[in-house]
Amino acid sequence: MAPLSTQRRRRRRAAATGALAVVVAAFVLDACAIPPVGTLPSLRSPLEAPPTIAGRAPVHGALRAPGGPFLYDSAGRVVILHGVNAVYKHPPYELYPDPGKPWNFDASDASLMARLGFDVVRLGMTWRGLEPGTAPSNDPAICSRGAPGDPGQFDQGVLDRYLGHLAQTVNLLGRYHIYTILDMHQDVYNEAFDGEGAPNWAVCTNGLPNVDPPGRWSLNYGTAAAGAAFRHFWTNDVQGDLQGEFDRVWAAVAGYFRSNPWVLGYDPFNEPFSTSLVTVGDEHFDDQLTCFYTGRLYVTPPVKGGPSLPCPPQVPATGVVPTILGADPAHLVLYEPDVYGARGAPNFVGPMHFPRLVFNVHIYCGYRSPVTGNPTNLVACAAQDARSLATRAEDRLDLASPAQPSGPAWLVSEFGATSDPTLLRDFANHLDHHLVGWVYWAWKFYADPTGSAAESLVMADGRLRSTATELSRAYPEAVAGRPTLISSDPATGAFDLAYVANHASPAPTVVFLPTALHYPGGYCARATGARVVSAGGSRLLEVRNDPHAKDVTVSVVPGSCD
């Protein structure tokens with residue numbers, strides 16, 4: 001039998017031959033609404049203070065990713081995150097407290113998230129919001145070929161106002177014990193292509209007319225004009241120094257939030273994409289993507305037999321990842337593979353020799369209706385999701401570096417975008433099986449130009465969809481040991497956790513229990529190798545390891561223990 005690494009390479013090579021078929025794949029589709037469950041809370045529900053352990057958030061402070069699949073807190077506990085995406089894709093390109101405005105995000109949102117058990121939000125921001133500039137698209141002073149230089153579009157006052165609003169939301173979430181991932185979001189690069197992300201001045205199309213194809217917004221990915229704009233960004237071959245300015249803005253963002261204890265980290269670029277750089281599968285583009293992440297000075301060889309290509313000569317010497325880490329020595333960088341990986345295509349982005357990295361993946365199936373967004377073949381859809389997740393789990397092992405010898409930690413930061421509860425239940429169970437945290441797409445529909453109202457958990461009237469009952473589930477927020485089993489069944493309320501105890505950690509294991517949704521009649525919690533020390537009926541189950549126990553189990557069922 002071939003070695004495991006060879007088997008992986010063969011499987012991924014086979015998958016690569018079909019990668020181009022998903023160039024214009026859409027990941028957020030229109031979906032039919034499922035009537036809400038009347039007992040679910042809504043944004044209009046009274047605000048609640050989040051529960052605490054000894055007066056503090058159950059998990060707090062900067063998290064670490066020293067190597068291996070898990071994140072850790074300062075007490076040495078493994079941290080599992082559950083959360084939602086919140087992205088506003090119109091001006092002002094951010095969410096913050098602003099009553100009466102469509103971009104308003106306030107304490108009612110944060111309180112409801114906390115009651116559902118969410119402890120992380122992937123919060124959208126855009127390059128256009130941070131550095132809108134004044135020059136138009138295809139400005140010759142910016143888009144002409146030549147040595148990169150300052151395009152003259154940066155405005156410190158504009159950036160400070162934008163970051164000030166963003167900080168209001170980060171701090172509001174923190175008051176409800178919710179971490180923030182700052183996500184530099186984009187879809188199809190710019191509004192010119194029915195998407196959002198880059199400022200107009202950073203759009204260079206070689207004069208190609210933008211032809212808006214009839215049908216789905218995602219078809220714009222395949223147009224020549226969008227391809228040219230992406231290519232100029234990834235190769236950085238115009239006078240406007242597109243990557244250099246992008247990195248400059250990221251340094252400002254990371255420097256601004258470097259001391260904020262409720263920032264989990266930074267997602268440098270949502271769903272990296274190119275058709276113009278793809279040759280065989282997506283190896284060629286992933287080389288360019290690696291150069292963007294690392295810069296010329298730090299580029300590493302590709303993985304899985306991908307061709308080794310030199311970085312474009314005008315790509316910055318120091319890429320976006322070391323730029324962020326240099327500006328913020330405390331927080332994480334959650335970098336993404338190329339967008340093709342969302343359906344299980346190979347990842348050829350190699351290991352990067354930096355600390356505090358998280359392999360940040362999206363999972364969406366292709367067997368969904370272009371009208372409803374729900375699976376057209378539930379079995380095939382669930383199977384593809386499972387395969388994609390397993391492939392990304394294997395990828396993580398290939399990304400070991402001296403800074404993270406067991407590979408980076410990982411997180412699934414997008415999945416779902418559907419109102420089908422069966423699909424969500426199935427995939428959430430797979431996520432538990434892989435012991436990985438997740439962030440659902442999406443919290444609320446904000447007239448998303450690349451999405452639909454049905455993908456959100458919160459409807460326009462503030463009520464929750466019934467799919468929220470699948471995502472608000474029992475899970476361990478912090479584990480005083482190494483998890484070996486997480487199993488949660490919202491339908492029955494049964495929860496099981498197993499882990500190898502870490503006696504060096506002074507803090508307890510903490511399990512979130514959605515008492516209002518799944519345990520209205522109370523619950524019975526039992527442990528072996530540990531003892532339950534929280535009060536009966538608490539939303540946070542606190543478990544302390546026995547002094548000499550090696551293996552610990554925790555189980556919860558609805559009802560009393562009598």
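The values are calculated or read from the model by the stated rules, or taken from the named source; none is laboratory data. This one's a predicted model, so the numbers in the text were calculated from it and none came from an experiment. We place every Cβ from the backbone using ideal geometry, glycine too, and count neighbours over all the protein chains shown.
Filtering the stretch 469-481 to residues that are within 23 Å of the chain's Cα centre (by Cα) and either of a type outside the set (A, V, I, L, M, F, W, C) or not in a helix (DSSP H, G or I) (or both) leaves 469, 470, 472, 473, 474, 475, 476, 477, 478, 479. Scanning the stretch 60-85 for residues that are part of a strand (DSSP E or B) and within 21 Å of residue 49 (Cβ to Cβ) returns 82, 83, 84. Taking the stretch 443-463 as the range and being closer than 30 Å to residue 72 by Cα and surrounded by 24 or more Cβ atoms within 10 Å (Cβ to Cβ) as the test, the residues that pass are 443, 456, 457.
Listed here are the residues, each with its yes/no results for (1) surrounded by fewer than 19 Cβ atoms within 10 Å (Cβ to Cβ); (2) modelled with pLDDT of 95 or more; (3) in contact with a helix residue (DSSP H, G or I) (Cβ under 9 Å, 6 or more places away or on another chain).
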| position | (1), (2), (3) |
| --- | --- |
| 10 | yes, no, no |
| 34 | yes, no, yes |
| 37 | yes, no, yes |
| 41 | no, no, yes |
| 48 | yes, no, yes |
| 71 | no, yes, no |
| 106 | yes, yes, yes |
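Search the stretch 184-232 for residues being among the polar types (S, T, N, Q), more than 20 Å from residue 133 (Cβ to Cβ) and in a helix (DSSP H, G or I), and hand back the single one that is farthest from the chain's Cα centre (by Cα). The selected residue is 220. Please name all residue pairs, on different chains or six or more residues apart, with Cβ atoms under 6 Å, provided the first residue is in the stretch 248-276 and is surrounded by 23 or more Cβ atoms within 10 Å (Cβ to Cβ) and the second residue is part of a loop (DSSP other than H, G, I, E, B) and not charged (D, E, K, R). So the pair list comes out as 263/331; 265/331; 270/185; 270/186. Tell me, yes or no, whether the stretch 140-155 has at least one residue that is in the same structural domain as residue 57 (by TED's automatic domain parsing), modelled with pLDDT of 95 or more, in a loop (DSSP other than H, G, I, E, B) and on the phi > 0 side of the Ramachandran plot. Checking the stretch 140-155: at least one residue is in the same structural domain as residue 57 (by TED's automatic domain parsing), modelled with pLDDT of 95 or more, in a loop (DSSP other than H, G, I, E, B) and on the phi > 0 side of the Ramachandran plot.
Here 534, 538, 487, 466 are screened, and the one residue that is within 26 Å of the chain's Cα centre (by Cα), of a type in the set (Gly, Ala, Ser) and farther than 19 Å from residue 78 by Cα is 466. Being of a type outside the set (Phe, Trp, Tyr), at negative phi and touching a Pro at 6+ places or on another chain (Cβ under 6 Å) is not true of residue 208. Within the bounds of the stretch 237-246, is there any residue that is within 20 Å of the chain's Cα centre (by Cα) and either within 30 Å of residue 180 (Cα to Cα) or among the β-branched types (Val, Ile, Thr) (or both)? Checked the stretch 237-246: at least one residue is within 20 Å of the chain's Cα centre (by Cα) and either within 30 Å of residue 180 (Cα to Cα) or among the β-branched types (Val, Ile, Thr) (or both). Across the stretch 548-562, the number of residues qualifying as assigned to a loop (DSSP other than H, G, I, E, B), charged (D, E, K, R) and either closer than 19 Å to residue 510 by Cα or touching a Phe, Trp or Tyr at 6+ places or on another chain (Cβ under 9 Å) (or both) comes to 1. Note on the stretch 508-554: residues that are surrounded by fewer than 19 Cβ atoms within 10 Å (Cβ to Cβ), of a type in the set (Ser, Thr, Tyr) and in contact (Cβ under 8 Å) with a residue 40 or more places away in the chain amount to 2. Taken as a whole, the condition of being exposed (fewer than 15 other Cβ atoms within 10 Å of the Cβ), hydroxyl-bearing (Ser, Thr, Tyr) and not in a helix (DSSP H, G or I) does not apply to residue 505.
One line per residue, one yes/no per condition, for (1) at pLDDT 95 or above; (2) touching an Asp or Glu at 6+ places or on another chain (Cβ under 9 Å); (3) closer than 26 Å to residue 64 by Cβ:
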{"position": "375", "(1), (2), (3)": "no, yes, no"}
{"position": "378", "(1), (2), (3)": "no, yes, no"}
{"position": "381", "(1), (2), (3)": "no, yes, no"}
{"position": "384", "(1), (2), (3)": "no, no, no"}
{"position": "393", "(1), (2), (3)": "yes, no, yes"}
{"position": "403", "(1), (2), (3)": "yes, no, yes"}
{"position": "408", "(1), (2), (3)": "yes, no, yes"}
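Going residue by residue through the stretch 250-266, is there one that turns out to be farther than 24 Å from residue 334 by Cα, modelled with pLDDT of 90 or more, charged (D, E, K, R) and not in a helix (DSSP H, G or I)? Scanning the stretch 250-266, I find no residue that is farther than 24 Å from residue 334 by Cα, modelled with pLDDT of 90 or more, charged (D, E, K, R) and not in a helix (DSSP H, G or I), so the answer is no.
Taken residue by residue, the stretch 83-91 has at least one member that is over 23 Å from residue 178 (Cα atoms), assigned by TED's automatic domain parsing to the domain that holds residue 197 and surrounded by fewer than 21 Cβ atoms within 10 Å (Cβ to Cβ). Has the stretch 309-321 got at least one residue that is over 21 Å from residue 248 (Cα atoms) and either in the same structural domain as residue 268 (by TED's automatic domain parsing) or surrounded by 19 or more Cβ atoms within 10 Å (Cβ to Cβ) (or both)? Yes, there is a match, as at least one residue in the stretch 309-321 is over 21 Å from residue 248 (Cα atoms) and either in the same structural domain as residue 268 (by TED's automatic domain parsing) or surrounded by 19 or more Cβ atoms within 10 Å (Cβ to Cβ) (or both). The set of residues in the stretch 156-170 that are surrounded by 15 or more Cβ atoms within 10 Å (Cβ to Cβ), out of contact with any helix residue (DSSP H, G or I) (no Cβ under 8 Å at 6 or more places or on another chain) and not β-branched (Val, Ile, Thr) comprises 165, 166, 168.
Checking the stretch 390-400 against the condition returns a match, with at least one residue being of a type in the set (Ser, Thr, Tyr), touching a residue at least 60 places away in the same chain (Cβ under 8 Å) and farther than 23 Å from residue 123 by Cβ.
For residue 495, the criteria (1) in the same structural domain as residue 521 (by TED's automatic domain parsing); (2) within 20 Å of residue 393 (Cα to Cα); (3) surrounded by 24 or more Cβ atoms within 10 Å (Cβ to Cβ) hold in every case but one, which is (2). Within the stretch 71-87, the set of residues being more than 15 Å from the chain's Cα centre (by Cα) and at negative phi comprises 72, 73, 74, 75, 77, 78, 79. Within the stretch 419-464, being within 18 Å of residue 118 (Cβ to Cβ), among the β-branched types (Val, Ile, Thr) and in contact with a helix residue (DSSP H, G or I) (Cβ under 8 Å, 6 or more places away or on another chain) holds for 436, 458.
Of all residue pairs spaced 6 or more apart or on separate chains, those with beta-carbon atoms under 7 Å, a first member in the stretch 213-239 that is on the phi > 0 side of the Ramachandran plot and a second member that is part of a loop (DSSP other than H, G, I, E, B) and of a type outside the set (Val, Ile, Thr) are 236/148; 236/312; 236/314. Being in the same structural domain as residue 427 (by TED's automatic domain parsing), touching a helix residue (DSSP H, G or I) at 6+ places or on another chain (Cβ under 9 Å), surrounded by 22 or more Cβ atoms within 10 Å (Cβ to Cβ) and closer than 25 Å to residue 287 by Cβ is a description that applies to residue 347.
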